[in-house]
1. Would you mind telling me which numbered condition in (1) of a type outside the set (A, V, I, L, M, F, W, C); (2) within 18 Å of Cys142 (Cβ to Cβ); (3) not in a loop (DSSP other than H, G, I, E, B) Arg224 fails?
2. Quickly run through the range 54-79 and pick out the residues that are more than 14 Å from the chain's Cα centre (by Cα) and either open to solvent by less than 20 Å² (accessible area, probe 1.4 Å) or acidic (Asp, Glu) (or both).
3. If you take the residues in the range 119-148 that are of a type in the set (Val, Ile, Thr) and either in a strand (DSSP E or B) or within 17 Å of Ile163 (Cα to Cα) (or both), which one is most open to solvent (accessible area, probe 1.4 Å)?
4. In the range 149-191, which residues are within 16 Å of Asn222 (Cβ to Cβ), open to solvent by less than 70 Å² (accessible area, probe 1.4 Å) and among the aliphatic types (A, V, I, L, M)?
5. Out of (1) in contact with a Lys or Arg (Cβ under 7 Å, 6 or more places away or on another chain); (2) surrounded by 17 or more Cβ atoms within 10 Å (Cβ to Cβ), the odd one out for Ala51 is which?
6. Of the conditions (1) out of contact with any Leu (no Cβ under 6 Å at 6 or more places or on another chain); (2) open to solvent by less than 20 Å² (accessible area, probe 1.4 Å); (3) in a helix (DSSP H, G or I); (4) farther than 21 Å from Val125 by Cα, Val95 clears all except one; give me its number.
7. Run Tyr50 past the list (1) over 17 Å from the mean Cα position of the chain (by Cα); (2) part of a loop (DSSP other than H, G, I, E, B) and report the number of the one that doesn't hold.
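The values are calculated or read from the model by the stated rules, or taken from the named source; none is laboratory data. Keep in mind that what you see is a predicted model, and the values were worked out from it rather than measured. Note: ideal-geometry Cβ built from the backbone for every residue, glycine included; neighbour counts use all protein chains shown. Heads up: the accessible areas ignore ligands, DNA and RNA and are worked out on the full protein's heavy atoms, side chains in. Shrake-Rupley method; radii C 1.70, N 1.55, O 1.52, S 1.80 Å.
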Amino acid sequence: MRNIAICDDEPLYRERLAQSVRAHGNGQAAQLQLFDSPAALLQAVHMHGYAPDIAVLDIQMDEMTGIELAKQLNAALPQCAIIFVSSFLGFATDVYEAEHTYFILKSELEQRIGTALQRALNRNVPPVLHYPVTQGYRSVSCAQVLCLERILRRTKLTLLGGITEWTALPPAELLDAEAAQQFIRCHQSFWVNCRAIVGMEHETFCLSDGTRVPISRSYRKNAREAFFRLLAGRTARLDVPEGAADGV
């Protein structure tokens with residue numbers, strides 16, 4: 001089920017947006033949550049772990065514009081598709097200050113919202129890890145994660161650039177079905193991002209930043225098989241003639 005946030009500080013417009021989203025969801029099951037201010041939406045995201053798949057934002061609001069709100073959502077939730085709505089065509093160029101999927105004039109809401117929602121749902125978004133940290137919540141693309149290590153009751157995330165973060169979530173809860181496909185469990189305590197592996201030596205995975213991750217005996221067979229499948233996939237891509245992927 002998709003989570004959709006709606007933020008508009010005008011109660012009547014906010015309810016109208018909700019009705020339009022419900023009516024034009026193309027049969028997609030969705031959980032709507034309505035917010036009367038940018039502050040309320042940001043608090044839900046940062047303090048309560050709310051992570052909508054789509055955010056429908058009015059642009060002209062008193063405390064903060066929808067464009068400024070979108071910039072903060074872009075940073076906190078890179079997987080969230082933004083749909084802007086406004087009564088004023090003059091904002092049509094300003095929306096490019098933030099990553100977004102669609103801009104709709106409120107006078108054309110009924111004609112445009114279905115297309116906007118479908119485009120948002122069809123976005124090709126890389127898997128993201130969403131987890132609680134010491135102060136609030138954080139989302140990071142799986143592509144930025146080198147490996148996960150479970151230490152006592154906390155999980156250490158080693159990220160690109162030598163950054164490390166900690167969360168109480170165990171990897172089994174941190175990795176949803178899509179994200180789990182990008183990781184190899186090679187030890188009771190370690191999960192390695194397939195994309196980060198550059199080699200395997202003895203009982204160790206070598207990662208792109210020089211990190212070496214142990215492969216334990218109990219996970220050796222599955223880890224080796226996963227590595228050789230990965231290697232075969234990389235070789236197959238290298239063997240594709242130039243232009244073949246484009247049908248040339």
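1. Only one criterion in (1) of a type outside the set (A, V, I, L, M, F, W, C); (2) within 18 Å of Cys142 (Cβ to Cβ); (3) not in a loop (DSSP other than H, G, I, E, B) is unmet by Arg224, namely (2).
2. Val56, Leu57, Asp58, Ile59, Met61, Asp62, Glu63, Gly66, Ile67, Glu68, Leu69, Ala70 - these are the residues of the range 54-79 that are more than 14 Å from the chain's Cα centre (by Cα) and either open to solvent by less than 20 Å² (accessible area, probe 1.4 Å) or acidic (Asp, Glu) (or both).
3. Thr134
4. Of all residues in the range 149-191, those within 16 Å of Asn222 (Cβ to Cβ) come to 171-172, 175, 180-191.
Remaining after also requiring open to solvent by less than 70 Å² (accessible area, probe 1.4 Å): 171, 175, 180, 182-184, 186-187, 189-191.
Correct list: Leu175, Ala180, Ile184.
5. Status for Ala51: all satisfied but (1).
6. Here Val95 clears every test but (4).
7. Tyr50 satisfies all of (1) over 17 Å from the mean Cα position of the chain (by Cα); (2) part of a loop (DSSP other than H, G, I, E, B) except (1).
For (1) closer than 17 Å to Arg119 by Cβ; (2) among the aromatic types (Phe, Trp, Tyr); (3) assigned to a loop (DSSP other than H, G, I, E, B), each residue gets a yes or a no:
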position: Ala18; (1), (2), (3): no, no, no
position: Val45; (1), (2), (3): no, no, no
position: Met61; (1), (2), (3): no, no, yes
position: Gln79; (1), (2), (3): yes, no, yes
position: Ile83; (1), (2), (3): yes, no, no
position: His100; (1), (2), (3): yes, no, yes
